[in-house]
Amino acid sequence: MRSNLKVFSALGVTFFIFFLALTPIGSFDDWIPKTWQTGYYSLTQIDAGDDAGYYAYLRSAFFDNDLDFINEKKYAHIEKFTPTGYVFNNWQIGQSILYIPFFLLGHLSAIILNSFGFSFPLDGYSTPYSMATAIAAQTYLFLGLLFLYKVLVRYFSQTPALAAAIGVWLGSPLIYYTFIRQRMAHTTEFFMAVVFIFFWLNFRESKKQIDHAFLGMLLGLFCMVRIINISFFALYFADQIFRQIPLLSKTNKQTLKEFLYRSLWMVFLFFIVLLPQLFIWQKLNGTFLPTRHLEMASSGLSFISIQEILRNIFGVIFSPQWGLVLSFPIFIISIFGFFLDNQLKQIKLSVLIYLVALILIIAIYPESSDSYGERHFISSIPLLAIGIAAILNRFKSSPTIFKGGMLVIALLIALQYLVLVQFRILLPYNDPQFTLKALTGIPNLLLENSELLSRSTNFIKIIFSATPVFNKESFLFLILFPGIQLAAIILSCLLFAKLYAYLKEEKNFIKTTLNLTLLSTLVCFIYLYKITPSKTHEEIKSRFDYKEAVDKGDIKAKDGNLKQAISLFKSASKVLPEHWGSYLRMGFAYSAQSDYKTANNYYKKVLSLNPYHIESYGKLGENKFRLGQFDEAEFYLKKSIELNPKDKKSFHYLAMIFAEQKRTQDAKKMFETSLAIDPNYKNARLNFAIFLSLLEQKQEAVLHLKEAARLGVKEDRIQKLAQQFQLNLNN
């Protein structure tokens, strides 16, 4: 018990330190410089694609009692209608199911906080819900680490097991998805991967059909989190087949029959548990399978050849962007561990076959995204930990070599961290040589940009800021949020200890869990059936009529035919008056005609339907500035920045407002912030140069003027300013 306490404490302390150092809280108060909010995502700002796609199931089911995502306010695909009339959603519902307890606590927290003077909308989008889902993701990751440690001590001693668990977590892309982009499904995927492997190791030699049915149930839940994990069938069946081969030589038909029955029960339970997901895909997308994955896979296969597969595999391993050798070297190292320990010889070949199958899938699947690292390998991390622990365990009797191994793990963690802090900050996400440049750029990072080692507005950076102000928001972000996460870590340790003891003592655990899971699956299926009725012909037609009208309007607007575009957008708004897309387009069109008052009416209409629409706040601010309504412009621009602290245009317009109001220091700060977000923002460069020239700060003005010229600004104003300073911008 004491040894477990030490290990759990080590894991908990390590986890909490990285939580404080990496979780981007965001920009929630004026005393936090906006330039600190780096790295794109924050606690309250998630990706409108994958992250919102996973979360939409939970929010919509709870608040709207449906799975019609047309009114989701932070989802990118609300205008992508499927043949069934629903809004497209290719992602899985498993994460939403796992999040339910945390989500309900978040909802309760919002109600309680509102009684203490806060004013959080009870809609699933406000801060308490963001905190609850972030804590859910991070807590599942921590529970996964606890399970992983128990997997490793099955074969190895404590120190190698603990070091391997921490090493594969922090030395892999999973560190990014633990704290920075938590609402991707990778933390819950890691949790389910460890749980599946934990029970697979326990039941792989079992002859009981119920044990293998239990594994099928777990794999079904696993694939409800991320469907790519169907690749674990390769691990399971490779292992089972290899175990049968020696028995087949004895022509034991009964043994073969038992193997087939176990396999059938495993596959049957897999599909039974996965049934709600298949049903949802059918209702939403018109097919039982994930359409986007199928399209990309078929696209990859249609142009594939042996030569192309080999080239892609080489890229997966050696690519300077995200090749495993450079970005995830612990993956390569771990494989050698399976050849060092005799205890692993029974599972070695199965694990290697699974990894080869996974590499093939990734090589064929032509995905290009803005993700960090080779994230499709995250589910393999528990198996990699076994290999790393085997290496450390092999040399534990040689203190010098063992310490060297621990030093290598520490170095790999440090390198992963130093690459991570450059992602989307010093280097763009899609740089084709990202990892190579990040690794070679480490000296520059340490010597010239050491302030980026803290990456963003995390707890540690804010606490040690010069002039912190304590109010309701700082209490929420700096005390309540980390306090709840710390409590979740402690409770996870206590819960895991109780659960592990229960697993060892309770003989009916498997049967009870299977029965509860099947009952829950039935209840889930009935509820999902109830809240996803088939759309009527009229509903489907109205949505496609809307889409046809706005698509035609977009083409007209692009061609400069704004009157025709507005007419089409108005007809679209009559078809779907509750959809803000047509009103937003009308706002754009009227703004392009310099009819700012009419445009603003449509932007306000958008915000009445979607109070989280960042662009409408920004456009309202811009238009109010042009109309000379500076106070209102400032209000809307600050709302835009509150929702998106990386909004360079809103900072720029705020600078212009402050300049007009003779608020010199505020204006300068806003110009600097806009350019800190995007140093190549041409308009901000030129206007900042003009502003500085009016302040008679010639030297600094000239620097920005030259940058504006370098960026290709051709306005008359730049030539006039150049003449004023007697500059030849052609040199």
Debye log10 I(q)/I(0) at q = 0.10, 0.11, 0.24 Å⁻¹ for region 552-648, Cα point scatterers = -0.26, -0.31, -1.19
Output the peptides 204-215, 446-457 sorted from most to least packed, where packing is the average of other Cβ atoms within 10 Å over each peptide's residues.
-> 204-215, 446-457
Centroid-to-centroid separation of region 194-259 and region 337-359 [C-alpha atoms, Å] = 15 Å
Cβ-based net charge around ILE386, under 13 Å, with every Lys or Arg adding one and every Asp or Glu removing one | +4
Cα-projected label distance for LEU694 with LYS558, points at 7 Å along beta-carbon direction, nm | 3.8 nm
With the radius of gyration and the Kirkwood radius both derived from the Cα set of region 76-183, what is their ratio Rg to Rh?
-> 1.12
How big is region 486-548 by the Kirkwood estimate over distinct Cα pairs, in Å?
-> 16.2 Å
Hey, what's the chain come to in accessible area per residue, 1.4 Å probe, Å²?
-> 44 Å²
Compute the acute angle (0 to 90°) between the alpha-carbon long axis of helix 537-558 and the principal axis of greatest extent of the alpha-carbon atoms of the chain; round to the nearest 10°.
-> 50 degrees
Region 379-450: C-alpha gyration tensor shape, a/c 1.5 cut-off, then a/b vs b/c | oblate
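In whole angstrom, how long is each semi-axis of the equivalent ellipsoid of region 302-414, when you take the square root of 5 times every eigenvalue of its Cα gyration tensor and sort them from largest down?
The answer is 29, 17, 10 Å, longest axis first.
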With no solvent and one point on each alpha carbon, what is the Debye value of log10 I(q)/I(0) for region 596-671 at q = 0.12, 0.26 Å⁻¹?
-> -0.29, -1.16
For THR38, what charge total do you get from the other residues with a beta carbon under 9 Å from its beta carbon, if Lys and Arg give +1 and Asp and Glu give -1?
-> +3
Label point distance in nm, THR291-PHE470, each placed 7 Å from Cα along Cα→Cβ = 5.4 nm
Percent of alpha-carbon pairs separated by more than 50 Å within the chain = 19 percent
Evaluated at 25 °C and 0.890 mPa s, the Stokes-Einstein D of region 592-731 based on the Kirkwood radius over Cα pairs, in µm²/s, stands at 156 µm²/s
Nearest 10 degrees, 0 to 90: helix 186-203 Cα axis against the chain principal axis = 0 degrees
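Suppose every K and R has +1 on its Cβ and every D and E has -1 on its Cβ; what is the size of the dipole of the chain about the Cα centre, in Debye to the nearest 20?
Details: 73 positive and 53 negative charges, 233 e Å.
Using Cβ point charges on Lys, Arg, Asp and Glu, the chain gives about 1120 debye.
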What is the helix-to-structure angle for 630-643, meaning the angle in degrees between its Cα long axis and the longest Cα principal axis of the chain, kept from 0 to 90 and rounded to the nearest 10?
-> 10 degrees
How large is ³J(HN,Hα), in whole Hz, for each residue of region 491-496 in order, when computed from phi with the Karplus curve 6.51 cos²θ - 1.76 cosθ + 1.60 and θ = phi - 60°, using x for Gly and Pro?
-> 5, 4, 5, 5, 5, 5
Calculated FRET efficiency for the pair ASN114/TYR529, C-beta based, R₀ 30 Å, to 0.05 | 0.30
Ordering of 177-185, 590-598 by packing [mean C-beta count within 10 Å, highest first] = 177-185, 590-598
Give me the distance between the Cα centres of region 516-593 and region 118-157, rounded to whole Å.
-> 35 Å
Output ordering of 512-519, 578-585, 169-176 (per-residue mean of other Cβ within 10 Å, highest first) is 169-176, 578-585, 512-519
Check: region 520-590 dipole with +1 on Lys, Arg Cβ and -1 on Asp, Glu Cβ, in debye | 120 debye
What is the distance in Å between the Cα centres of region 69-99 and region 428-493?
-> 31 Å
GLN661 versus ALA592, label points 7 Å from Cα toward the beta carbon: distance in nm?
-> 3.2 nm
Expressed as a whole percentage, what fraction of the accessible surface of the chain belongs to carbon and sulfur atoms when a 1.4 Å probe is rolled over the protein heavy atoms?
-> 62 percent
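The values are calculated or read from the model by the stated rules, or taken from the named source; none is laboratory data. Keep in mind it's a predicted model, so treat the numbers as computed, not measured. Here the Cβ is made from the backbone with ideal geometry for all residues, glycine too, and neighbour counts use every protein chain on show. These area figures cover heavy atoms from the full protein model, side chains too; ligands, DNA and RNA do not enter into them. Shrake-Rupley method; radii C 1.70, N 1.55, O 1.52, S 1.80 Å.
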